[in-house]
Amino acid sequence: MSSAAAAIPQPQPGPRPGKVRAFLNLVLIEHSVFALPFAYIAALTAMFQLDKNIHWGRLLLVTIAMVGLRTFAMAANRIIDREIDARNPRTANREIVTGAVSVKSAWTGAGIALVFFLGAAALLNPLCLALAPVAIVPMVVYPYGKRFTNFPHAILGLAQAMGPVGAWIAITGEWSGDAVVLGLAVGIWIGGFDLIFGSQDVQADRAHGVKSVPARFGIPAALHGARVCHVITTALLVWYGVRTDAGIFFWIGMVIVAVAFVYEHTIVRPHDLSRLNRAFFTVNGFIGIALFACALLDLLMRGLTV
């Protein structure tokens with residue numbers, strides 16, 4: 001090192017977070033906001049149709065199951081993808097790559113989360129427990145998907161579609177066409193914004209043989225596919241509203257969702273991804289929360305008892 005370079009103060013690494021905090025950072029626990037609102041919409045609508053009462057114990061178990069399964073899925077994803085992440089500058093600072101979380105610790109956290117998920121499913125009803133593997137399998141298959149198919153986003157969408165369906169079964173103990181429609185809407189929505197999110201990794205994915213729609217077909221095609229997905233999502237949410245005899249506040253929520261989708265697709269361009277994080281995190285988080293708030297208000301106005 002030259003004397004001039006040595007004279008420049010070198011940045012010192014900050015203190016590492018504790019093991020629990022590092023694990024929560026690894027699995028991005030705060031991103032549960034994407035899936036939970038739609039599980040709550042399904043659960044509360046099922047309660048409304050069942051007896052118009054909010055069953056707080058069941059709602060708590062649904063929350064534990066959703067967060068547990070998502071935490072398991074994210075931890076497994078990070079473990080399976082750690083070598084891919086290490087080769088991508090965007091993901092090279094993830095905790096499992098830097099060593100802030102060891103593979104052993106990540107598997108331990110994943111196992112604990114899975115126990116919480118299975119325990120909540122068992123306490124809800126026998127069908128939830130029996131169908132638990134159906135929800136777990138796509139969560140594990142998804143990270144491997146980018147190794148053998150150009151459409152891993154579809155696997156992610158399938159995995160996420162399980163949430164509303166599972167939440168409905170948790171309340172009623174049986175299947176519902178309404179829940180399937182809502183689940184499809186959520187799965188296609190998340191698959192669509194994964195197309196947007198994956199667009200920022202095109203160069204790294206192509207360099208290292210990682211498969212995705214943006215890497216195979218290009219960013220413009222991926223963004224067009226995301227638009228199509230979100231048009232279908234909007235149509236499915238409208239169908240869900242019609243099927244469940246939704247009232248005025250749900251439809252106000254749908255207007256908000258439609259406007260948010262339009263905004264999302266105006267701020268991300270094929271040659272300008274500078275606002276991609278705003279589209280991915282801010283807008284999509286807002287969509288889930290806004291529709292949940294409107295759907296809840298609608299159910300309360302129609303007679304759901306707290």
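Can you give me the number of residues within region 41-59 that are more than 18 Å from ASP178 (Cα to Cα), of a type outside the set (A, V, I, L, M) and assigned to a helix (DSSP H, G or I)? Even if it seems obvious, please write down each step before you answer.
Our first condition is that a residue be more than 18 Å from ASP178 (Cα to Cα); within region 41-59, this holds for 53-59.
Pick out the ones that are also of a type outside the set (A, V, I, L, M) and you get 53, 55-58.
Then keep just the ones that are assigned to a helix (DSSP H, G or I); that gives 56-58.
The number of residues fulfilling the criteria is 3.
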Out of region 73-108, which residues are in contact (Cβ under 8 Å) with a residue 60 or more places away in the chain, in contact with a Lys or Arg (Cβ under 9 Å, 6 or more places away or on another chain) and part of a helix (DSSP H, G or I)?
ILE84, GLU95, ILE96, SER105, ALA106
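Go through ASN125, ASN53, ASN77 for me and flag whichever is surrounded by 15 or more Cβ atoms within 10 Å (Cβ to Cβ), out of contact with any Asp or Glu (no Cβ under 6 Å at 6 or more places or on another chain) and more than 30 Å from ASP205 (Cα to Cα).
Values: ASN53 fails: surrounded by 15 or more Cβ atoms within 10 Å (Cβ to Cβ); ASN77 fails: more than 30 Å from ASP205 (Cα to Cα).
Answer to the selection: ASN125.
ALA167: out of contact with any Ser or Thr (no Cβ under 6 Å at 6 or more places or on another chain) and over 30 Å from ARG216 (Cβ atoms), yes or no? Give the derivation first.
Working: out of contact with any Ser or Thr (no Cβ under 6 Å at 6 or more places or on another chain): yes; over 30 Å from ARG216 (Cβ atoms): yes.
Yes: the conditions hold for ALA167.
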Going by the structure shown, is ALA235 at pLDDT below 95 and exposed (fewer than 15 other Cβ atoms within 10 Å of the Cβ)?
no
How about region 284-306: which of its residues are among the β-branched types (Val, Ile, Thr) and either at pLDDT 90 or above or buried (at least 20 other Cβ atoms within 10 Å of the Cβ) (or both)?
ILE287, ILE289, THR305
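Can you pull out the residues in region 219-277 that are assigned to a loop (DSSP other than H, G, I, E, B) and either closer than 29 Å to ARG90 by Cβ or among the acidic types (Asp, Glu) (or both)?
Filtering region 219-277 down to residues assigned to a loop (DSSP other than H, G, I, E, B) leaves 244-247, 268, 270-271, 273-275.
ASP245, VAL268, PRO270, HIS271, LEU273, SER274, ARG275, listed by residue number.
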Looking at VAL180, VAL140, VAL186 in this structure, which one is assigned to a helix (DSSP H, G or I), crowded, with 24+ Cβ neighbours inside 10 Å and among the β-branched types (Val, Ile, Thr)?
VAL186
Determine which member of the set ALA222, ALA215 is under 23 Å from GLY145 (Cβ atoms), in contact with a Ser or Thr (Cβ under 7 Å, 6 or more places away or on another chain) and surrounded by 15 or more Cβ atoms within 10 Å (Cβ to Cβ).
ALA222
Would you please list the contacts, defined by Cβ atoms under 7 Å and residues six or more apart or on different chains, that run from a residue in region 291-306 that is in contact (Cβ under 8 Å) with a residue 60 or more places away in the chain to a residue that is among the small types (Gly, Ala, Ser)?
LEU291/GLY253; ALA295/GLY253; ARG302/GLY247
If I filter region 128-146 for residues that are in contact with a Ser or Thr (Cβ under 8 Å, 6 or more places away or on another chain), within 29 Å of THR233 (Cβ to Cβ) and in contact (Cβ under 8 Å) with a residue 40 or more places away in the chain, do I get at least one hit?
yes
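The values are calculated or read from the model by the stated rules, or taken from the named source; none is laboratory data. These numbers come from a predicted model, not from an experiment. With ideal geometry, Cβ positions are generated from the backbone for all residues, glycine too; neighbour counts draw on all protein chains shown.
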